[in-house]
1. Does B:LEU124 satisfy being surrounded by fewer than 17 Cβ atoms within 10 Å (Cβ to Cβ) and either more than 9 Å from every other protein chain (Cβ to nearest Cβ) or modelled with pLDDT of 90 or more (or both)?
2. Looking at A:LEU466, A:LEU524, which is the one that is buried (at least 20 other Cβ atoms within 10 Å of the Cβ), over 30 Å from B:PRO229 (Cα atoms), at pLDDT 90 or above and assigned by TED's automatic domain parsing to the domain that holds A:ILE574?
3. Among the listed residues A:LEU425, A:LEU377, identify the single one that is surrounded by fewer than 17 Cβ atoms within 10 Å (Cβ to Cβ), at pLDDT 90 or above, closer than 20 Å to B:ILE139 by Cα and not acidic (Asp, Glu).
4. Does A:ASP137 satisfy the criteria of being over 28 Å from A:ALA277 (Cα atoms) and of a type in the set (D, E, K, R)?
5. I'm checking my understanding of the structure. Among residues of the stretch A:568-581 that are over 26 Å from the mean Cα position of the chain (by Cα) and at the interface with another protein chain (Cβ under 9 Å from one of its Cβ atoms), which one is surrounded by the most Cβ atoms within 10 Å (Cβ to Cβ)?
6. Can you tell me how many residues within the stretch B:60-100 are farther than 30 Å from B:ILE216 by Cα, within 11 Å of chain A (Cβ to nearest Cβ) and touching a helix residue (DSSP H, G or I) at 6+ places or on another chain (Cβ under 8 Å)?
7. Six or more apart or on different chains, Cβ atoms under 7 Å: show the pairs whose first residue is in the stretch A:153-168 and free of Cβ contacts under 8 Å to residues at least 40 places away in the same chain and whose second is of a type in the set (A, V, I, L, M) and outside any strand (DSSP E or B).
8. Among residues belonging to the stretch A:520-549 that are within 14 Å of another protein chain (Cβ to nearest Cβ) and not in a helix (DSSP H, G or I), point out the one that is nearest to A:PHE451 (Cα to Cα).
Amino acid sequence: MRKTWKLGWALIALCMLLAPARVWAQTAWNLEQGKSVTAMAMSPDGKLLAVASSDTHVYLFGADGKRIAAMKTGNVVTGVGFAGADRLLASSDDRNLYAFDLNGELLWKRDLKKRVEGVAPSADGTTAVVTIQNSSDLLLVDPADGSTLAKTSIGARAADVATAPGGGYIAVGGKDQNVYLLDGRGTLLFEAGMSGTIGSVAVSDEGRVAAGLTSSTVVLLDRDGSKLREIAVTDSVKDVDLTPDGETIGVADYAGHFYLISSAGKTIWQTQVPASATQLAFGAEGKTLYGGTENGGVYSYDVKNAIAGAQSEASKKRMMQAAAGAIALLLIAAALYLLKKYNRLSVLKRIWQAKWIYLSLSPAFILLIGFMYVPALSGLYHSLYEWNPGGRSTFVGLDNFRRILSDDYVGKGIVNLGILIVAGLLKAIVPPLFVAELIYHLKNKRLQYYFRTAFVTSMIVPAVALLLIWQNLYDPNIGLINRFLETVGLDGLVNSWLGDPKTAIWAVVFIGFPFVGILQLLVLYSGLIGIPDEWIEAAKMDGARLPRIIRSIHLPLLAGQFKFLIILTLIGVIQDFNAILIVTGGGPMDSTYVPALQMYYAATKFDELGYASALGVSMFFVILVITVVNMKFLRSSRE
Amino acid sequence: MSAPVRATRAPRTIVGLPMPRPAAVRQALLIGTLTLLIVLTLVPILFMFYSSLKSNSQILGSFWSLPSPPRWGNYGEAFDSIWRYVLNTILYAGGASLLVVALSAVSGYLFAKKAFPGKEFLFLMLLAMMMVPGILTLIPAFVWYEKLGLTNTPLAIIVAHAAGGQIFGTFLCRTSMEAVPSSLFEAARIDGAKELTVFARIVLPLSVPILATIFIMQTVGTYNDYVWPLLTIRDSDMQMIGVGLTQFTKQFGITDKGVQFAAYSISSLPLIVIFSLGMKYYIQGMVQGALKM
């Protein structure tokens, strides 16, 4: 027995050792402004990295992450690339094409009259492809002086262009969902249709083309246009790159993943960064991978190590799985051993005998777990995240909850909720109790039944219809309430009840007048008839009058019902926002907001699902506390 | 019945005319107050019906007077625009309620009358969900249904209501079936009845009242649902009545208040049918549910 335990602990310890084995993502550096990385390029010798940013600059970094130069253009930089060993070209939204030397000095700039959408120089510095806004022309420019070498048209506007490092091929991803491959002089070699919108293209020296689609797919094409592979990734592809030999594809997706994919279509390595990835570039000979994100982060990965790490991680994962399997087996064995020791092996027999029972219960529990537990746990979990289903969700700790504390709408909502709770409690107890007493004191049993039924009939109108009718009753012009006030001569009181921020919340409170809730009435009424007649008779014999009987017998004996109605009201009022959503929508201004409504709007209007979940979780905990306190209270009052 | 009046003890005025006894006055007062409260409670419903027969100019011009001539045509127009919502809602509510009844009957019976390992744990799992308020699950559930591709299909409504409704249903069924003497089942089994026969021939017939209660409560609950269909159903063709009522005026360009009120009245019809058939069960369910919680 003891031996088994030791073995178990050893296995657990092994797992612990294996567990913290990941994190390849090392931030190399950050652009100070935190602006999106719009383009990245690696110098042919692999010593310099050029990063273009939406903050109008091109930054030049050494391979160690030290900034060497910052080059300013007139607007967002749309493309950057090294042309030969001594210069880099940058295209900008300010309609100019720039050439800088490697110290950041401007060599020349050329005004192209329209927004320059991208530039892709060949690594050998012989040519550069430039794309222009709203034009299907590709401009081949001489990086030496910016003069036009050739102009060619592919008949479609380009979403992205790429030039092979050797300058032998030009790949164009068209906005018409076609990939075009041209040779170095601009002659069309093939065009190939894609199944979705093209976000990015890359081309190798052998003319192999990789195209990244927004439909979360990467397509690898051969030189003749035949499709080699189609690889699915998690999210919309933002950038692809190929190693010069075309054997490895790098992919960046919107969910913040970077992938290395072999030409056989196998994912060799992947990682995720906590921001949407926008760019990636291979370093010299494909040994290093650089990734850029929308918030200005630049990451560098050693491809070889990364692959080795991924492999060791995969083998660790396998070991973990094996260990987990062994532990599971061990646990089963231990359980069996314990069962045998305490002579309870028959439980297995009983489980087997009850198999039909479990089978019959399974639909109910599949629904219960699949559609109740999963959402509940997902809500608890994602309240700690900036939650983007299907994309990148970032862990933000308690930020969502901190935000609740500083959210003015929630603040206003809590004040309103206070009003609604106090009013709701009064409404739930006083009128129904009054009516229950009235009905209880009717001598005629048949009349009792009729009156009860008459109150219950108010339920025949759907809840939403009733709210809409009340909304109409409040109408300033044709509403019953104002008309009534005018008719009885109280013109001074006429008001736009729901339209006035001062009265709106009170108008919401007043909905349902005279507040004879059916459930409340029935609960209190059945509580009253449950009181033994003898007690009342005895009290009467002692000379007690009606008010005394109500105070000393009815009310104390209805305590259980009151508690029940109070907790039901609290839970109901905290959660309910139907009435406000339908009748006022939270307005005018923020005068009728409640926290639940803010949760609904956060999710539906602003797509802030993590924040909405945090609001839901907060209300859940408040309700939980109320329930627990109530249960304790109930118990202690019984004892 | 009312207490018989005993003339001998009735106090008289000096002139000898019978004066109403204080008890009778009190009864009259009770009846009067209750009637007033009922009228006030029903004001919105009466107003709805009253206005549903008027045109806009009749509402504006002669607010208090009876609709003359009554515009029954409002109902035709309203029906043309909302029949689809009503039909959808009846189908969803019926489907969800049948599922809830089936699941609750089976689970309730098993939990009440069978012994099997893990029974109390599983039941606790069920009960625990009763403590989880809808506000916690609303948004995550929406995301989850979206992920499963259930949004904008009738399944979004039916599955959600079946999964949620069966919890309370099972709870009610278990309590009710525990009260049925086990000897009844034993006798049938000794006579050679199979488990399925016992369930179909004995358990179900004995549980009709509780199952009717569950069915009706669930139907009314689904019929009145608003936020969930608002979140999950986008196509107007599949929408439910609650959301439909808030949207049909814009959708069909209806400016007549009378038609709107007629639509509200029409949307009440299915509830009227349900309550006239099973008001007793509904009240039972509410009171039972309230007392057992």
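The values are calculated or read from the model by the stated rules, or taken from the named source; none is laboratory data. Everything numeric in this text was worked out from a predicted model, so none of it was measured. Every residue, glycine as well, gets a Cβ built from its backbone with ideal geometry; the counts of neighbours run over all protein chains shown.
1. Yes, satisfied.
2. On the way: A:LEU466 fails: over 30 Å from B:PRO229 (Cα atoms).
Answer to the selection: A:LEU524.
3. Within the list A:LEU425, A:LEU377, the selection yields A:LEU377.
4. Yes, satisfied.
5. Within the stretch A:568-581, the subset over 26 Å from the mean Cα position of the chain (by Cα) is A:568-573, A:579.
From what's left, at the interface with another protein chain (Cβ under 9 Å from one of its Cβ atoms): A:568, A:571.
Details: A:LEU568: 18, A:ILE571: 21.
This residue is A:ILE571.
6. Qualifying residue count, the stretch B:60-100: 2.
7. Listed pairs, sorted by first residue: none to list.
8. A:GLY530
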